[in-house]
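Each remark here refers to the structure printed beneath this line.
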Amino acid sequence: MIGYYVHHQGLGHLHRALCVAGQARSPLTGLSSLDPPDGWPGEWVRLPLDTGAEPVIDVRAQGRLHWAPLRHPGYQERMAAIADWLARTRPALLVSDVSVEVACLARLMGVPVVVAAMRGRRRDPPHRLGHDIALRLLAPWPAAFPEPGWPAHWYEKTVYTCAFSRSDGRTATRPPPPVPGGRRRVLLMLGAGGSRITAAEVREARAATPQWEWDVLGGPSGDWSGDPWPRICAAHVVVTHAGQNAVAECAAARRPAVILPQPRPYDEQYGTARALALARLAVVRPAWPPAPEWPAVLAEAAALDGDAWARWAPGDGARRAARALDELAGTRWDP
C-alpha cells in the first residue's frame, strides 16, 4: 500500500496524483481535503481543513515548519486523521505532494517518505528538513534541466520523471494552417491558482493583434473547462502561466507557447520559466508584455517547433513516477 498526500491548494497536485495512480501497480490511498477525482483507482481519506475561523498562532514553529498552528482544532484533527491511517494501514510508502509537516509525521511514525519536488527557492529550513528526510525526491522535469543550487545529496536521491499531465497519450490534432491574410488562433489559459493578469490587459492585447483570434480560458475574462485539451489543440499558440501542469499540457499537445510566470510562494513559477528559457522550448516573458509588443511575441512563439517539447515531456513521465514508487514499495514491474 502507498499513501498519497494531495495538497488542497489549486488543482495541480490533484492532477499529478491521478496521473501517477493510473499507472501504479501498488494499491494507492489518497489523503486530502479535496474530493477524490473522477477515476481515482483506490481508497480516499477526506481530511479536515487546517484553516478556518480559529486564530492561528506560531504557524511556522519558530521558522522550522511551514504550517503548524498551535492549538488549532482543524490542524490537530487533520494530523490525527493521517496518523490514525498510518498506524492502521502501515503503508510501505507515503508520497507527500506536498507538505513538510505530513512528510515529517510519516517519517516519525517509521514510514518511508517520497517528497514531490518543486522548483524555486527551497533552501529554507522547513524545505531542507522535508527534503533531507525524504527517501527520494520526485522531480517532474528532465534531468538535463535540474533545479540549480541544491545540496549534492538532494540531486543524488532525485528521480527525474520529466513532465507529465493527464493529457499524455491523447492524440493532438493540429489547427488548420492559416490562409494568406487569415487569422491564427491563440489560447490564453489561466489556472485556478490565481493570476495578476487583468481583463483590461487582455482587451489591449486583443486590440493590438488583429491577425490573431483570442480564446480565453479562466482568469478575469474567460470561461472555464474541466478539460482544456480540445482548445489547446485548436490553438496555434498557447499563452499561459508557468505552473507545472499548464506547461505539461502544452508539451503534451506539442503546442508553441508563451510562458508568463505568476507570483507563487518560493518563486516556483519563475524557476520553471527559467528552465524553459534555458531549454529554448518556449517564449518566456517575466510579466505581461505591453500591448504594442504582442504581435512580435506571438510571431516569435509561432516560429517555434512544437515537437521540441518531447525533450521536456516525452509522454511517459507518469509511468516513470509510478514505477519508481512501486519499486520503493516492493511491487515488481515485469520487464
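Below is a table of values for the structure above.
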item	result
Computed log₁₀ I(q)/I(0) - Debye formula, equal Cα scatterers, no solvent, segment 28-149, q 0.11, 0.20, 0.23 Å⁻¹	-0.41, -1.26, -1.44
For segment 164-307, size of Cβ-based charge dipole, Lys and Arg +1, Asp and Glu -1, in debye	160
Fewest-first sequence of Thr209, Thr51 by Cβ atoms within 10 Å of each Cβ	Thr51, Thr209
Ranked list, fewest to most other Cβ atoms within 10 Å of each Cβ, for Arg231, Arg332	Arg332, Arg231
Identified option (computed Rg/Rh (Cα atoms, Kirkwood Rh); candidates [x] 0.99; [y] 1.01; [z] 0.96)	[x]
Farthest toward positive dipole pole in segment 184-311 [+1 Lys/Arg, -1 Asp/Glu at C-beta], among Ala205, Leu304, Gly219	Leu304
Calculated [θ] (222 nm, deg cm²/dmol) that DSSP helices of n ≥ 4 give over the chain, each run adding -39,500 (n - 2.57)	-9500 deg cm²/dmol
Neighbourhood net charge (10 Å Cβ-Cβ; Lys/Arg +1, Asp/Glu -1) for Leu47	0
Footprinting exposure proxy for Asp267, Asp58 (fewest neighbouring C-beta atoms within 10 Å first)	Asp58, Asp267
Value in Å of the Kirkwood radius, where segment 184-311 supplies the Cα pairs that are averaged	14.4
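Read-outs: derived from the displayed coordinates by stated rules, not from any lab. Everything quoted here is computed from the prediction, not taken from an experiment. FYI the Cβ positions are ideal-geometry reconstructions off the backbone, even for glycines, and counts take in every protein chain you see.
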